[in-house]
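To start, the structure under review is shown below, and the notes come after it.
The values are calculated or read from the model by the stated rules, or taken from the named source; none is laboratory data. As the structure is a prediction and not an experimental result, all values here were calculated from the model. Neighbour counts are summed over all protein chains in view; Cβ atoms, including those assigned to glycine, are modelled from backbone coordinates with ideal geometry.
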Amino acid sequence: MPGDTFLAVRFLLASVILFPFCYRQILQISLKSILAVCAVGVILALSLQVWVYAVSITDSLSEGAFIMSLAMIIAPFTSWMIFRQRPQRAFWLALPIAIIGLALMTLTNSWQVEPSQWCFLISSTLLSVHFVFNKRVTVNISPLLSIFCQLLTVGIVSSVYAMFSKNAQFELNQNVIMWFIVSVVVATSIRYLLQTVGQFSVNMETAALIMILEPIWTLVLSMSLLDEVLAAQKLIGAGVIFMSLFVYVKLSRRG
């Protein structure tokens, strides 16, 4: 399935799933708050579109995966630059450990410089901006309503983009439909809702470091579903990432 079409249908259906649970809240909230949340959704849409383009032109996904993983590390710096919220000392100490862990997990081959890496970097930066503003908007609006509006916005923006793109023909079969449903329900509706609820409850640095665990879950799923062989370097990288979280929790409690 072409990336543009996939994003459009995926996010529109995900917002439809959440709509019955928040339609009453839509009638009670101000138009200004709705527009603010939709603006955050536009940032997410732009990040995803740039990411899809980067994936389509790259010959080395491992470097792209590493750059995208940096989005959660960039987020506290983004918050510092925009809202003048300086990260805690524990974050600065855990940060280099986390970067080493991410590098071990994703950079299995030597680094190859490609034009697509700039696109990955732009997408990663936009994703960090979304992460920061997503935390901000949940102060005045419920996480459920917030993520519904954002998913709907991403779906609309992606649909408009797909209308002006020349997508290749594709066929739907049972396997594609099954994984598409999993993507809509689990990887979109539930995933973004849980992320927004989590950001509502914890500070920026804690949320960012927890989100760094995403490559580890990806590795576990690829091993269990795709029979990927576990390389020793990736296992060490996963352990280093867990170590960074342990260091952060220990030092933040002392502070």
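Overview of values
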item	result
Residues satisfying the stated conditions in region 57-85, i.e. at pLDDT below 85, over 18 Å from H130 (Cα atoms) and over 15 Å from the mean Cα position of the chain (by Cα)	T58, D59, S60, L61, S62, E63
First in region 82-98 and polar (S, T, N, Q), second anywhere and assigned to a helix (DSSP H, G or I) and at pLDDT below 85, Cβ under 7 Å, 6 or more apart	Q85/M204; Q88/E205; Q88/S252
Region 135-163: number of residues that are modelled with pLDDT under 85 and either within 18 Å of the chain's Cα centre (by Cα) or buried (at least 20 other Cβ atoms within 10 Å of the Cβ) (or both)	1
Subset of region 1-49 [surrounded by fewer than 18 Cβ atoms within 10 Å (Cβ to Cβ) and among the basic types (K, R)]	R24, K32
Elements of type helices (runs of 4 or more DSSP H) contained in region 164-255, each with 2 or more residues being within 18 Å of the chain's Cα centre (by Cα) and among the aliphatic types (A, V, I, L, M)	174-184, 191-201, 204-211, 214-226
